[in-house]
Amino acid sequence: MTVFELIWKRRTIRRFRQEKIPVDLLTAIVDTGRIAPSASNLQPLEFIMVDDEDLLPQIFVNTRWAGYLPNDEGRPPKGQEPTAFIVILVNIDIAGNWAGHDVGAAGENMILAALSEGIGSCWIASVNAKAVSRILKIPQNYRIDSVIAMGYPNEQPVSEPMRDSIEYYKDESGVLHVPKRQLDDILHHNQF
Ligand SMILES: Cc1cc2nc3c(=O)[nH]c(=O)nc-3n(C[C@H](O)[C@H](O)[C@H](O)COP(=O)(O)O)c2cc1C
């Protein structure tokens, strides 16, 4: 698959098959985050891979899913939870003003690398950082930026041109639709 095809194929996944991601593959995915561009090459990011059976539910309960869907419908139901989390940490002793951009670059690298191996993901900023820091014994000079939930996909969301609302929704068959602003509305050529 070309990089273009991979990017077009990617959708946030919130339903997962209960099949473990091999730890070597998870490690290789994190390695694509390590090698991402970094402002001033400071490289303030570190990562925790979580795939331990006892820890997974503890992280899961401290994440929030699909805020636009009613009745917590976007939260993975029992038996379809993520099988791994990658916690993205910022070392505040190293970070400059652009650490957030570094997170973006590293996160997308990892998401696309995972997808190239058939793994779906959901980037989660709505995380109870205090609780997760305690559970994972994260030192005080690190802050949790976000986590990426991963697993083999058990749903096939679709994107569609945005009309009146940016809010994603589920149709009668339970398929998630993700409205995207259209190219004509966001692309300017030479002048605004
Ligand atoms: C930085 C960031 C934080 C996000 N946080 C959450 C989150 O806390 N919970 C969640 O369910 N989805 C979260 N998402 C996923 C977005 O809801 C999703 O990307 C958006 O609806 C567009 O869907 P798509 O990824 O399929 O294009 C986050 C995405 C990004 C980039």
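The values are calculated or read from the model by the stated rules, or taken from the named source; none is laboratory data. Just so we're clear, the structure is a prediction, and the values are computed from it rather than from any experiment. Using ideal geometry, Cβ is built from the backbone for each residue, glycine included, and neighbour counts are taken over all protein chains shown. What goes into the accessible areas is simple: the full protein's heavy atoms, side chains included, and nothing from ligands, DNA or RNA. Shrake-Rupley method; radii C 1.70, N 1.55, O 1.52, S 1.80 Å.
Being open to solvent by less than 50 Å² (accessible area, probe 1.4 Å), assigned by TED's automatic domain parsing to the domain that holds Ile144 and in contact with a strand residue (DSSP E or B) (Cβ under 8 Å, 6 or more places away or on another chain) holds for only one residue in Thr27, Thr63, Thr32, and it is Thr63. Here Val90 fulfils each of the conditions (1) part of a strand (DSSP E or B); (2) within 12 Å of the ligand (Cβ to nearest atom) apart from (2).
Scanning segment 162-180 for residues that are under 19 Å from Gly67 (Cβ atoms) and part of a loop (DSSP other than H, G, I, E, B) gives Met162, Asp164, Ser165, Ile166, Glu167, Tyr168, Asp171, Gly174, Val175. The set of residues in segment 124-161 being without any contact (Cβ under 8 Å) to a residue 24 or more places away in the chain, among the charged types (D, E, K, R) and in a strand (DSSP E or B) consists of Glu160 alone.
Across segment 80-124, the number of residues qualifying as over 15 Å from Ile148 (Cα atoms), polar (S, T, N, Q) and open to solvent by 50 Å² or more (accessible area, probe 1.4 Å) comes to 2. Just one of the listed residues (Pro179, Pro157, Pro153) is within 13 Å of the ligand (Cβ to nearest atom), more than 25 Å from Phe60 (Cα to Cα) and either buried (at least 17 other Cβ atoms within 10 Å of the Cβ) or not assigned by TED's automatic domain parsing to the domain that holds Phe16 (or both), namely Pro179. If the condition is being within 14 Å of Ser133 (Cα to Cα) and open to solvent by 70 Å² or more (accessible area, probe 1.4 Å), then segment 50-60 contributes only Gln58. Evaluate segment 124-142: report whether one residue or more is in contact with a Leu (Cβ under 9 Å, 6 or more places away or on another chain), within 16 Å of the ligand (Cβ to nearest atom) and either under 15 Å from Val61 (Cβ atoms) or assigned by TED's automatic domain parsing to the domain that holds Thr12 (or both). No.
Among the conditions (1) surrounded by fewer than 21 Cβ atoms within 10 Å (Cβ to Cβ); (2) under 11 Å from the mean Cα position of the chain (by Cα), the only one that Val147 does not satisfy is (1). For segment 73-90, the count of residues that are of a type outside the set (Phe, Trp, Tyr) and either over 30 Å from Lys170 (Cα atoms) or not assigned by TED's automatic domain parsing to the domain that holds Ala125 (or both) is nonzero. For segment 25-71, what are the residues that are assigned to a loop (DSSP other than H, G, I, E, B) and either of a type in the set (A, V, I, L, M) or over 30 Å from Lys170 (Cβ atoms) (or both)? Result: Ile35, Ala36, Pro37, Ser38, Leu42, Gln43, Pro44, Asp52, Asp54, Val61, Ala66, Leu69. Only residues that are surrounded by fewer than 16 Cβ atoms within 10 Å (Cβ to Cβ) and either of a type in the set (Lys, Arg) or within 19 Å of Trp123 (Cβ to Cβ) (or both) were counted in segment 11-24, giving 2.
So, of the residues in segment 98-123 that are outside any helix (DSSP H, G or I) and within 14 Å of the ligand (Cβ to nearest atom), which turns out to be nearest to Gly74 (Cα to Cα)? Only one residue fits best here, namely Cys122.
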